[in-house]
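K.L.:
One structure, pasted below without further comment.
The values are calculated or read from the model by the stated rules, or taken from the named source; none is laboratory data. Fair warning: this is a prediction, and the values are worked out from it, not measured in the lab. When we count neighbours, we look across all protein chains shown, and the Cβ atoms used for this are built from the backbone with ideal geometry, even at glycine.
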Amino acid sequence: MLSQAELKANVARAAVDYILPLVQSDDIIGVGTGSTVDLFIDALAEHRGRFRAAVSSSERSTARMTALGIPVVDLNQVESVPVYVDGADEIDHGLNMIKGGGGALTREKIVASVARQFVCIVDESKVVETLGTFPLPVEVLPMARQAVARALSELGGTPALRDGFITDNGGQILDISGLSIREPAILEARINNIPGVVTCGLFALSGASVALVSTQNGVKIMQAATDAARS
Ligand code: 5RP
């Protein structure tokens, strides 16, 4: 029985194999944040010569890549990237995700937005029928924390401040529990529209292009299921 750490290491290596044929030597790769991505960065560093540099979604990933000799460039110098690789806290069969367990959701969404492909890397425990068991992270401007929390309560969730945590952007995180998210794109737009919200951790308006899912029987590729295909 593989542990979760071994499953993460397997999908991290599989992600490197998946993306290398998609990149040219002068390409920039988009890199996410988290423990799975840490292992992806370690595996990617062995192929430094196959791409020009990376654009990073957090100070954490920047530090790890820099330490391993992967050049990191500012997003303002980059028009688009062929591929963005990141983990998720939950992913459904439509490739909608909850992200932000590591608090990097805003930069992750920004970097993902310039990528032609979002490759999500998860172990099988992250695949769910309906998003919302994992509390939904929402980054807020500190002065708006209470106002946003009240608005989120009206949507049916229970917000909790992530105590003592400040994002790379100087924001705070409200983690919203008690949501059963049946229409993730609609909820994403509604939450993002609350004044004081920087962004929410739903990635549904623009979800993953593909997910690599690490299972006890190897890494499987998950494409978005259509309703017709699933019934
Ligand atoms: C960080 C994220 C991560 O992708 C998510 O939390 C998954 O992390 P891990 O790979 O450690 O399970 O969104 O903001």
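K.L.:
Can you name the condition, by its number, that Ile191 falls short on among (1) outside any helix (DSSP H, G or I); (2) in contact with a Cys (Cβ under 6 Å, 6 or more places away or on another chain)?
P.N.:
With respect to (1) outside any helix (DSSP H, G or I); (2) in contact with a Cys (Cβ under 6 Å, 6 or more places away or on another chain), Ile191 is out only on (1).
K.L.:
Those residues that are basic (Lys, Arg) and either at pLDDT below 95 or more than 8 Å from the ligand (Cβ to nearest atom) (or both), I need them from the range 89-131; list them, please.
P.N.:
So in the range 89-131, the residues basic (Lys, Arg) come out as 99, 107, 109, 116, 126.
Once the filter is applied, which keeps residues that are basic (Lys, Arg) and either at pLDDT below 95 or more than 8 Å from the ligand (Cβ to nearest atom) (or both), the range 89-131 yields Arg107, Lys109, Arg116.
K.L.:
Related question: Looking at the range 132-144, which of its residues are surrounded by fewer than 17 Cβ atoms within 10 Å (Cβ to Cβ) and more than 15 Å from the ligand (Cβ to nearest atom)? Talk me through it step by step, then tell me what you get.
P.N.:
Step one: list which residues in the range 132-144 are surrounded by fewer than 17 Cβ atoms within 10 Å (Cβ to Cβ), which gives 133, 141-143.
Answer for the range 132-144, where residues must be surrounded by fewer than 17 Cβ atoms within 10 Å (Cβ to Cβ) and more than 15 Å from the ligand (Cβ to nearest atom): Leu141, Pro142, Met143.
K.L.:
In the range 128-166, which residues are of a type in the set (Val, Ile, Thr), touching a helix residue (DSSP H, G or I) at 6+ places or on another chain (Cβ under 7 Å) and within 18 Å of Gly87 (Cβ to Cβ)? Show your work before the answer.
P.N.:
Kept after step one, since they are of a type in the set (Val, Ile, Thr), are these residues of the range 128-166: 128, 130, 133, 138, 140, 148, 158, 166.
Add one more test, that the residue is touching a helix residue (DSSP H, G or I) at 6+ places or on another chain (Cβ under 7 Å), and what stays is 138, 140.
Within the range 128-166, no residue meets the criteria.
K.L.:
Identify, by number, the condition in (1) closer than 30 Å to Leu174 by Cα; (2) in contact with a strand residue (DSSP E or B) (Cβ under 9 Å, 6 or more places away or on another chain) that Tyr18 doesn't meet.
P.N.:
Unmet for Tyr18, out of (1) closer than 30 Å to Leu174 by Cα; (2) in contact with a strand residue (DSSP E or B) (Cβ under 9 Å, 6 or more places away or on another chain): (1).
K.L.:
Being without any contact (Cβ under 8 Å) to a residue 40 or more places away in the chain, under 24 Å from Glu6 (Cα atoms) and either surrounded by 16 or more Cβ atoms within 10 Å (Cβ to Cβ) or out of contact with any Pro (no Cβ under 6 Å at 6 or more places or on another chain) (or both) is true for just one of Val119, Val85, Val128. Which residue is that? Give the derivation first.
P.N.:
Details: Val119 fails: without any contact (Cβ under 8 Å) to a residue 40 or more places away in the chain; Val85 fails: without any contact (Cβ under 8 Å) to a residue 40 or more places away in the chain.
So the residue among Val119, Val85, Val128 that is without any contact (Cβ under 8 Å) to a residue 40 or more places away in the chain, under 24 Å from Glu6 (Cα atoms) and either surrounded by 16 or more Cβ atoms within 10 Å (Cβ to Cβ) or out of contact with any Pro (no Cβ under 6 Å at 6 or more places or on another chain) (or both) is Val128.
K.L.:
Whether any residue in the range 107-115 is touching a residue at least 60 places away in the same chain (Cβ under 8 Å) and within 20 Å of Met222 (Cα to Cα) is what I want to check. Can you show your working first?
P.N.:
The first filter runs over the range 107-115 and keeps only residues touching a residue at least 60 places away in the same chain (Cβ under 8 Å), leaving 107-109, 111-115.
Imposing the further condition that a residue be within 20 Å of Met222 (Cα to Cα) reduces the set to 112, 115.
Yes, the range 107-115 contains at least one residue that is touching a residue at least 60 places away in the same chain (Cβ under 8 Å) and within 20 Å of Met222 (Cα to Cα).
K.L.:
For Gly69, are the conditions met, namely being among the small types (Gly, Ala, Ser), part of a loop (DSSP other than H, G, I, E, B) and more than 27 Å from Arg52 (Cβ to Cβ)?
P.N.:
Numbers: among the small types (Gly, Ala, Ser): yes; part of a loop (DSSP other than H, G, I, E, B): yes; more than 27 Å from Arg52 (Cβ to Cβ): no.
It is false that Gly69 is among the small types (Gly, Ala, Ser), part of a loop (DSSP other than H, G, I, E, B) and more than 27 Å from Arg52 (Cβ to Cβ).
K.L.:
Take the residues in the range 52-63 that are touching an Asp or Glu at 6+ places or on another chain (Cβ under 7 Å) and over 19 Å from Leu20 (Cβ atoms); name whichever of them is surrounded by the most Cβ atoms within 10 Å (Cβ to Cβ).
P.N.:
So in the range 52-63, the residues touching an Asp or Glu at 6+ places or on another chain (Cβ under 7 Å) come out as 52, 57-59.
When the remaining residues are screened for being over 19 Å from Leu20 (Cβ atoms), the result is 57-59.
On the way: Ser57: 29, Ser58: 23, Glu59: 13.
Filtering first and then ranking leaves Ser57.
K.L.:
Can you give me the number of residues within the range 17-38 that are surrounded by fewer than 21 Cβ atoms within 10 Å (Cβ to Cβ) and either in a helix (DSSP H, G or I) or within 14 Å of the ligand (Cβ to nearest atom) (or both)?
P.N.:
At the first step, the residues of the range 17-38 found to be surrounded by fewer than 21 Cβ atoms within 10 Å (Cβ to Cβ) are 17-18, 20-27, 35, 38.
If we keep only those that are either in a helix (DSSP H, G or I) or within 14 Å of the ligand (Cβ to nearest atom) (or both) too, we end up with 17-18, 20-22, 35, 38.
Within the range 17-38, residues that are surrounded by fewer than 21 Cβ atoms within 10 Å (Cβ to Cβ) and either in a helix (DSSP H, G or I) or within 14 Å of the ligand (Cβ to nearest atom) (or both) number 7.
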